[in-house]
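Okay, structure first, notes after.
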Amino acid sequence: MLGSGLIGAVVAALISALMLTGSDESSDGDLQSAVAEAVQSAMAETVAELIDERLERSDDQASARLAEAMASQRMLVASAFEAVAPSVVLIDAEGPPRVNEEGVTVVSAALATGFLLDDQGHVVTAAHVLEGMTSVTVILPNGDRREAEQIGDDRPFSDVGVLRFEPEASDELAVPSFGEDRVVGFGETVLAIGNTLMGSDLAVTVGVVSDPDTTFSRERYEQVQLIQTDAALNHGNSGGVLVDLDGVIVGMPAVIARSTREGGFVDGVGFALQIVPVLEIARTIAAEGFYPRASFGVVNERLLTPTAAAQLELEVSEGSFLIELERQGAFARAGIRPGDVLRRLNETPINAETPYLNAMADLEPLVPATVHIYRGDQEYRLLVTPDLREP
């Protein structure tokens, strides 16, 4: 049904047409043509006005829906932060005093983040934060400070470390919810909570999951089971939490990407360890003091590349060049020595895709493994039983 505005426009068009054709010389055909043209023009103008009005209403509705969605997300972010913040602690660590080149005594320090593993005072954090530190203080959400001891870590296989402080009767320890039964997806909104600017308070940044299961190349291994996110991470975030909008911890921030493998600049890319492997390792360390890993007694090794192989005048270009071994380690007992090249562990070739430590992570302590060694111009295959790595 035509609206009143359209009817009025048509009536006005008819009157105008009759006035224009009111002379004696006008024929019925002229009148009909003028009326039709006027009505068509009036209808076109009115329909255009109706469309403009409808579009304006649609724009207003879309803007209102967008504003409502943004407000809803802000509320979810605030709610998620409030749910998790009572479980997140700040870490203040110090190393031993040393004298620098200017003869001044200095103390290395680190400010980082951790989160409660249980109500017994166990705290999970990034292991690299604790490296070289001799004293660690945990700062609780209410500002109270507790001296903590280092229980253990999983270096160099993963970046998981565990501390413990002695809770006091007045401490209200809030154990967080962990996302052990869910998988984050591409594009999911996440929060990074931690000691972002190395201050005295927690900070929160928001981003999305760029990749829920990826890897990142470190100095000696490929770090696996990572969540890539564009939520801003900075020094101090290490050992904190990556949280979904339900207030569930899905990861532990550990890596900030600054450059590509080729040296190109990178900005806005960070990685968090997936929470499931973090919890498996952390709970074992909390209970046993260490996480069981296989060890062949390799102190130092170097992943071969064609360039490195040429420098060492080797005929093989892939593998791990063994530099230093423990005297009583499993390799040394088997007759393997520095200068040998480890080519395979069981059926896993040692190369850039699977460095030595990644291959070792798949081995069980005290379970014999087939080891392929290159020496001189010969390749040997041995059955070697790895030791249980000492805590």
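Which residue, of Gly236, Gly240, is in contact with a strand residue (DSSP E or B) (Cβ under 8 Å, 6 or more places away or on another chain), in contact (Cβ under 8 Å) with a residue 60 or more places away in the chain, buried (at least 19 other Cβ atoms within 10 Å of the Cβ) and closer than 15 Å to Ala85 by Cβ?
Values: Gly236 fails: closer than 15 Å to Ala85 by Cβ.
After ruling out the rest, the residue left standing is Gly240.
When you check Asn346 against the structure, is it among the polar types (S, T, N, Q), touching a residue at least 40 places away in the same chain (Cβ under 8 Å) and touching a strand residue (DSSP E or B) at 6+ places or on another chain (Cβ under 8 Å), yes or no?
No.
Kindly evaluate Ser170 against the criterion of being closer than 19 Å to Ile249 by Cα and part of a loop (DSSP other than H, G, I, E, B). Walk me through it before giving the result.
Numbers: closer than 19 Å to Ile249 by Cα: no; part of a loop (DSSP other than H, G, I, E, B): yes.
No: the conditions fail for Ser170.
Which residue is modelled with the lowest pLDDT, if the candidates are limited to segment 133-172 and must be surrounded by fewer than 19 Cβ atoms within 10 Å (Cβ to Cβ) and among the polar types (S, T, N, Q)?
Ser170
Please verify whether Thr137 is in a strand (DSSP E or B), out of contact with any helix residue (DSSP H, G or I) (no Cβ under 9 Å at 6 or more places or on another chain), polar (S, T, N, Q) and more than 30 Å from Asn358 (Cβ to Cβ), treating the condition exactly as stated.
yes
What strands (runs of 3 or more DSSP E), lying completely within segment 282-391, carry at least 1 residues that are modelled with pLDDT of 95 or more, more than 19 Å from Asp154 (Cα to Cα) and hydrophobic (A, V, I, L, M, F, W, C)?
It comes to 320-325, 341-345, 369-375, 378-384.
Restricting to segment 116-134, and then to whatever is within 14 Å of Asp159 (Cβ to Cβ) and not in a loop (DSSP other than H, G, I, E, B), can you tell me which residue is farthest from the chain's Cα centre (by Cα)?
Quick first cut of segment 116-134, residues within 14 Å of Asp159 (Cβ to Cβ) only: 124-131.
From what is left, the residues that are not in a loop (DSSP other than H, G, I, E, B) are 124-130.
Working: Val124: 16, Thr125: 15, Ala126: 13, Ala127: 16, His128: 16, Val129: 17, Leu130: 20 Å.
Restricting to residues being within 14 Å of Asp159 (Cβ to Cβ) and not in a loop (DSSP other than H, G, I, E, B), the top hit is Leu130.
For Ile285, which of the numbered conditions (1) under 30 Å from Glu166 (Cβ atoms); (2) without any contact (Cβ under 8 Å) to a residue 40 or more places away in the chain fails to hold?
Among (1) under 30 Å from Glu166 (Cβ atoms); (2) without any contact (Cβ under 8 Å) to a residue 40 or more places away in the chain, the lone unmet condition for Ile285 is (2).
Ala359: within 32 Å of the chain's Cα centre (by Cα) and either surrounded by 13 or more Cβ atoms within 10 Å (Cβ to Cβ) or closer than 18 Å to Arg220 by Cα (or both), yes or no?
Criteria met by Ala359.
The values are calculated or read from the model by the stated rules, or taken from the named source; none is laboratory data. Because the structure is a prediction, the values reported are computed rather than measured. Don't worry about glycine lacking a Cβ; one is built from the backbone with ideal geometry, like all the others, and counts go over all protein chains shown.
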